[in-house]
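These notes concern the structure reproduced below.
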Amino acid sequence: MDFYSPHIFRSNKLDRFSPRSRRLGTDISTFPSLLNEAATALHSSPIAKTPPHILPIGVGFICWGADLSTALFGADAGGHGLAQSSSIITLLPECADALAKDGYGDITLIATGGIVDGRGVAAASTLGASGVCMGTRFFASPEAAIGEGYRNAIVDAKDGGVATARTTVYDRLRGTVGWPETYNGRGVLNQSFRDHAHGMSEDESKKLYEGAMKLGDREWGDNGRMTTYAGTGVGLIHRVLPAGDIVREVLKDSRDSLVRAGSNL
């Protein structure tokens, strides 16, 4: 489970929030103090038309593993998930059948994992999904609060099944080691991963990773060392588009795909 807090600019001011969030990972020990800090800042610099007891803060919980979650996280998804899982192609209908059998067939199911375009949305729809959740696709948008090098690495990656892998290597290099043993993360393969595969010690790799963090955008991508979490759908992403354009394009293409599929029957 991950927690996110807003990034506050201008010291004690709450003049504006960045779309960039500060990741707290699996450690929530500092969370109360961060909320208290925000409340104090809001008191000294209130936001117009905001009730005094409301904090303009979004606290996001990534709870894909929750027992009653309706978001089905396929193995092709980027970032963290169960190390052993199946693709959305088999996961979604099997879950739908199991829920229906136990009398929960009315639960809305959201498909995620490897879906980056209208064809994927159409496929998920025919499998029984009421909607989809896309992560990797939106990394290739200017609204995504990531480095330009990260964004370029998403667009440049080809053949997602080969160019990405599920691994704990990136977590160990970044120091995000609070995940359960049954979880790992899918990311784009790079020099850090290859050095690990060729036997480089973890201590040496960490030193190189820490050095890469100071070098900026050039340290992402195939020849870089920085972590690029992404799903297998990266090979289908060829350009950066505004988030709104992505949504409109995906909706149109999904409808067209369903029409074509129907005409082939």
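Spacing of the modelled spin labels on residue 177 and residue 202, each 7 Å from Cα toward Cβ, amounts to 0.5 nm. Kirkwood Rh, Cα Rg: Rg to Rh for the range 145-236? Across the range 145-236, the Cα-based Rg/Rh ratio is 0.94. Between residue 36 and residue 156, the C-beta separation translates, for a Förster distance of 51 Å, into a calculated FRET efficiency of about 0.75.
Label-to-label distance for residue 215 and residue 243 is 3.1 nm, based on points extended 7 Å past Cα in the beta-carbon direction. The length gained on full extension between residue 194 and residue 106, counted as 0.36 nm times the residue separation minus their Cα-Cα distance, comes to 27.1 nm. Compute the Cα gyration tensor for the range 99-190, then decide on rounded, prolate or oblate, letting a ≥ b ≥ c be the square roots of its eigenvalues: rounded whenever a/c is under 1.5, prolate when a/b is larger than b/c in the other cases, and oblate in all that remain. It is oblate, given that a/c is not under 1.5 and a/b is not larger than b/c.
Each value in this text was obtained by applying a stated rule to the coordinates, not by laboratory testing. This is a predicted model, so every value here is computed, not measured. Positions of Cβ are backbone-derived with ideal geometry, glycine not excepted, and every protein chain shown enters the neighbour counts.
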